[in-house]
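Down below is the structure, laid out as structure tokens.
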Amino acid sequence: MTRGVGIIGAGPGVSALHLPTLDRLPELFRVVHIADGGSGRAEALAERTGARYSVGTAALLADPEVEVVAICSPPEQHAAQILDAVAAGVRAILCEKPIALTRDDADAVMDACRRAGTALVVGTNHLFDPAWGRARHHIAAEQAPVRAVSITVALPPNGRYHDVVTESLPGAAPARPAPDWKDPGFSSAVVRQLILGLGIHDLPLLRDLAPRVDRVVFARPVAPIGYCVGFIAGDVLVRLTAVMLCEGAEALWRFSVATGRDLIDIEFPPAFVHDGSARARVRHVDGRVSEYPPLPDDGYLAEWRAMASLAAGADAVEYDEMLADAHYAIDLADAAATAVREGMTR
């Protein structure tokens, strides 16, 4: 059965990720409506698919052909748009991460979806990536305790974040004042935003291995834009490092797990690239190295296939797990922001 998809948002993620993915699943989905917030980009994207387009969410949510809503707007709009979609009677929603920026909003979103029986998928493509499934199976089979996790991200610029800290946009006048990284309020807010917008890709994976955040040991911003955070999660030591550079080496996104027996590295492909799944490598205690090459399907395809199964009622919606993931991310972001703020005021 082919289901009509309405997409809220018309940014690069929709153009480079979701539309190409849905093009590969014509037996499951058909894009019928795209809405933007007034940018005008929805019209051009709709022409690619033969879909309708509109501004705002009202027309899209009232469209009788829209059976699945994909929320791909800025993170601060996600919670309200999920609630609007549920209130409009939408039965299936795929929302880009995060579902909310506060615990209260996350609770409200999940309560509304649960009460309405709305199928919900959070677009954490790394969690759906087949390489993560392979690595998680290996860790479980070895039955060796996880000792440390390190997540290292180096990416080209992302305009949404660089606009926060750059002096001016190209062609903009007058120039904005340079950001004051010594301002604890500014620095802590940027670190919180980055964790909930960038680091959140891997936090459901991390929660699977280190399910609680006991104490943030250090947190600081990294110029030109990034963060470095270290925390203790039970018996697991965790380090998160991310930086966006205007120039430099090719993109790197590595999730490393050290157990009592071996080291597992998962290297995810750069954002906006459809190049199959991540690559996984295991360095065993005896010196052997096991390689898991990428599979043809990536996490984007897997998350949309999961959406199809949920919409058809073939699988149960994991409301509790998604809410726990949201709480974990928000709690970590809050704790890191507090550490930045307090560290700069001591």
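Once C-alpha pairs closer than 8 Å and six or more residues apart are averaged by separation and normalised to the residue number of segment 69-113, the relative contact order reads 46 percent.
A probe of 1.4 angstrom, applied to the heavy atoms of all protein chains, finds C246 with accessible area near 100 square angstrom. Only alpha carbons enter this Debye calculation for segment 68-108, each as an equal point scatterer, and the log10 of I(q)/I(0) it gives at q = 0.25, 0.31 Å⁻¹ is -0.80, -1.13.
The Rg/Rh ratio for segment 1-117 is 0.95, where Rg is the radius of gyration of the alpha carbons and Rh is the Kirkwood radius. Placing unit charges on the Cβ atoms only, positive for Lys and Arg and negative for Asp and Glu, gives the chain a dipole magnitude near 540 debye about its Cα centre. Across segment 187-346, C-alpha contacts under 8 Å between residues 6 or more apart give a mean separation that, scaled by the residue count, equals a relative contact order of 25 percent.
For the pair segment 74-118 and segment 321-338, the centres of their Cα atoms are 17 angstrom apart.
Build a GNM of the chain with springs between Cα atoms under 10 Å apart, and of R147, R254, R288 the one that fluctuates most is R288.
Distances longer than 26 Å among the Cα atoms of segment 203-346: what percent of all pairs is that? Everything past 26 Å amounts to 42 percent. Computed over segment 12-58, the Cα gyration tensor eigenvalues convert (square root of 5λ each) into semi-axes of 19, 11, 9 Å, ordered from largest to smallest. Taking every pair of alpha-carbon atoms in the chain, what share in percent sits in each 20 Å bin, from 0 to the bin with the longest distance? Going from the shortest bin to the longest, the percentages are 29, 59, 12, 0. Taken along the Cα-to-beta-carbon direction at a fixed 7 Å, the label points for E65 and A16 span 2.8 nm. Phi angles of segment 283-298 translate, via the Karplus equation with coefficients 6.51, -1.76, 1.60 and θ = phi - 60°, into HN-Hα couplings of 9, 7, 4, 8, x, 5, 10, 10, 10, 10, x, x, 8, x, 8, 9 Hz per residue; Gly and Pro are given as x.
Only Cα sites of segment 175-267 enter the Debye sum here, all with the same form factor; the resulting log10 I(q)/I(0) across q = 0.23 1/Å is -1.34, listed in q order.
Per residue, the convex hull spanned by the alpha carbons of segment 188-230 comes to 72 Å³.
3J(HN,Hα) along segment 37-44: x, x, 6, x, 6, 4, 4, 5 Hz, from the Karplus curve 6.51 cos²θ - 1.76 cosθ + 1.60 with θ = phi - 60°, whole Hz, x for Gly and Pro.
For the chain, relative contact order (Cα pairs under 8 Å, six or more residues apart, normalised by length) works out to 19 percent.
Kindly state, to the nearest 0.05, the FRET efficiency for H274 paired with R254, given R0 = 30 Å and r defined as their beta-carbon distance. The value I calculate is 0.95. Computed from the alpha carbon atoms alone, the convex hull of segment 268-332 holds 173 Å³ per residue. Helical runs (DSSP H, four residues minimum) scored at -39500 (n - 2.57) apiece and divided by the length of the chain put the mean residue ellipticity at 222 nm at -11000 deg cm²/dmol. To put it simply, the accessible area of the chain at a 1.4 Å probe is 53 percent carbon and sulfur. 3J(HN,Hα) couplings calculated from phi for segment 113-128 with the Karplus curve 6.51 cos²θ - 1.76 cosθ + 1.60 (θ = phi - 60°) are, in sequence order, 5, 5, 5, 7, x, 7, 5, 10, 10, 9, x, 8, 5, 5, 5, 8 Hz; Gly and Pro show x. If you take the Cα centroid of segment 241-282 and the Cα centroid of segment 189-221, the two points sit 16 Å apart. With protein chains left intact and a 1.4 Å probe, residues in the chain average 45 Å² of accessible area per residue.
Among the GluC sites (Glu not before Pro) within segment 52-155, which fall in a DSSP loop and have no more than 14 other Cβ atoms within 10 Å of their own Cβ?
Passing sites in segment 52-155 are E65.
The values are calculated or read from the model by the stated rules, or taken from the named source; none is laboratory data. These numbers were taken from a predicted model, which means no experiment stands behind them. All Cβ positions, glycine included, derive from the backbone under ideal geometry; neighbour counts span all protein chains shown. Heavy atoms of the whole protein, side chains included, go into the accessibility calculation; ligands, DNA and RNA do not. Shrake-Rupley method; radii C 1.70, N 1.55, O 1.52, S 1.80 Å.
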